[in-house]
1. Whenever you get a sec, compute what percent of the accessible area on the chain sits on carbon and sulfur atoms (1.4 Å probe).
2. Based on the Cβ-Cβ distance of SER95 and THR59, what FRET efficiency does E = 1/(1 + (r/R0)^6) give at R0 = 35 Å, to the nearest 0.05?
3. Keeping all protein chains in position, work out how much accessible area ILE101 exposes to a 1.4 Å probe, and write it in Å² to the nearest 10.
4. Just to confirm a number: summing +1 for Lys and Arg and -1 for Asp and Glu over residues other than HIS129 whose beta-carbon lies under 13 angstrom from that of HIS129, what do you get?
5. If Lys and Arg each add +1 and Asp and Glu each add -1, what is the summed charge of the other residues whose beta carbon sits under 15 Å from the beta carbon of PHE43?
6. Tally Lys/Arg at +1 and Asp/Glu at -1 over every other residue whose Cβ is under 11 Å from the Cβ of LYS82; what's the total?
7. With Rg/Rh (Cα atoms, Kirkwood Rh) in mind, check (1) 1.15; (2) 1.09; (3) 1.06 and report the label derived from this structure.
8. Between GLN11 and VAL106, what length in nm is gained on full extension when 0.36 nm per residue of separation is reduced by their alpha carbon distance?
Amino acid sequence: EPQIFCKITAQNEAFAGVETAFSAQGIGLKKQPLQNARYVWNFGDGQTKDGQYVLHTYTQPGTYDVFLETASDVYSASDRMKVTVRLPQLSMTHSDEVFGIANQDVVSIDLSGLKIHQDGSRDFLFPGHSLLSAGGEMNIDTGLFAATHADVSRAPEFPITLQYLNGRVVATSSRREA
């Protein structure tokens, strides 16, 4: 029976908060690249996209099964792969004036989907596209937190942490000496 084929090309390791590139190759009945095919991706984290070349950002560490379905005319094919997503190498410090987040990794990290948390305070959520360069540091004025957010005077008794929205801790803040 005639058959088409497809193949996923992507890194099998990724960082949470970093865009990962995925590409699909479709091969037709005559062993030629497919023209006008539809490529549908399922990234294993509840998100899907269409396209031969797509970018996806995993927000949580873990191992994900990526599934690709390719369709052309009445034919279809599929491929799958596993992607292991790990936490970025971030550290956090604080002083009376500033919260500092440093990225020790070799890639830029999107902090969107992370929060600064301290028990008894309202969480500070990073807005979309909060990028932190590889080897870079972000300093946030503690004045932005007012009385409703983390209070550095209550640390270390009430630790200040950088977390995913599900509560998984990425980094715990340590006191920065002036």
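The values are calculated or read from the model by the stated rules, or taken from the named source; none is laboratory data. Remember, it's a predicted structure, so these values are computed and weren't measured experimentally. Reconstructed Cβ throughout: ideal geometry from the backbone, glycine too, with neighbour counts over all protein chains shown. Accessible surface is based on the protein model in full, side chains and every heavy atom, while ligands, DNA and RNA are left aside. Shrake-Rupley method; radii C 1.70, N 1.55, O 1.52, S 1.80 Å.
1. Details: 5000 of 10090 Å².
Of the solvent-accessible surface of the chain, carbon and sulfur hold 50 percent.
2. On the way: r = 29 Å, r/R0 = 0.82.
Calculated value: 0.75.
3. ILE101 exposes around 0 Å² with every protein chain in place.
4. Working: positive: none; negative: GLU19, ASP110.
Residues close to HIS129 contribute a combined charge of -2.
5. Values: positive: LYS49, ARG80, LYS82; negative: GLU13, GLU19, ASP45, ASP50, ASP65, GLU69, ASP79.
In short, -4.
6. Numbers: positive: ARG80; negative: GLU13, ASP65.
Every neighbour counted, the sum reads -1.
7. Only one listed value fits the structure, namely (1).
8. Numbers: separation 95, 0.36 × 95 = 34.20 nm, distance 1.53 nm.
Here the answer is 32.7 nm.
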